[in-house]
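Since the structure comes first, as structure tokens, the remarks are kept for the end.
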């Protein structure tokens, strides 16, 4: 399909967003399940409900435009969701997995913030204030979600770091214990030699 003007580009942007949000509806329950932090899992579940409302807003805009929302796949979201799924397939400790989930979710949020910002700018340029208002509402929700994830990361990333340091100190303790055991064995052998 050849795009003739800004209106056509606007519709294409909206179709891309519609596809992105529907992909996210499938990904968020998996992210909520993979999170060990109850607060993070709850944030994903709440954003799932929010995303359903965002899809409805997009459908409202498509009705105003008398356009079909389907027919386009958002490859950007597809890639972000795939990256998140690969990360969830790793064998990380709970806190480290949670830190990774936040990173994956924030990449998604930043992608959506950019896309909704663009769509809103197009709507404003074309004088479509009702559509711009609906897009602004979603844009603000995406920004709030990103801020909440940032707040959660401040605690969870510290826990993930401590988890790694805890593993290192356990390894050092094991090495020290093994080394001490070797020293006491060689000391016992020396004492036995002297006694004989």
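Every number in this text was worked out from the coordinates using simple rules, so none of it is lab data. None of these values were measured; they are calculated from a predicted model. Cβ sites come from the backbone with ideal geometry, for glycine too, and all protein chains shown count toward neighbours.
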Fill in: Computed lengthening from residue 106 to residue 39, 0.36 nm per intervening residue step minus Cα-Cα distance
22.5 nm
Discussion item. Between region 1-66 and region 110-148, how far is it from one alpha carbon centroid to the other, in angstrom?
Written reply: 12
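Extension gain residue 165-residue 75, at 0.36 nm per residue separation less the Cα-Cα distance, in nm? It would help to have the intermediate numbers written out before the result.
Numbers: separation 90, 0.36 × 90 = 32.40 nm, distance 3.79 nm.
Residue separation times 0.36 nm, minus the Cα-Cα distance, leaves 28.6 nm.
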Worksheet item: For 92, 10, what ranking results if the residue with the fewest other Cβ atoms within 10 Å of its Cβ goes first?
Response: 92, 10
Discussion item. Between residue 154 and residue 124, what is the label-point separation in nm under the 7 Å Cα-to-beta-carbon projection?
Written reply: 2.9
Worksheet item: Using the Cα atoms of region 55-143 to build a convex hull, what is its mean projected area in square nanometres?
Response: 6.6
Practice prompt. Give the Cα extents of region 6-163 along the principal axes, in whole Å, largest first.
Written response: 52, 26, 21
Worksheet item: Taking neighbour Cβ counts within 10 Å as the exposure measure, how do 120, 107, 148 sort from fewest upward?
Response: 107, 148, 120
Fill in: For a label point 7 Å along the Cα-to-beta-carbon line of residue 147, residues of region 28-66 with backbone N under 11 Å
none
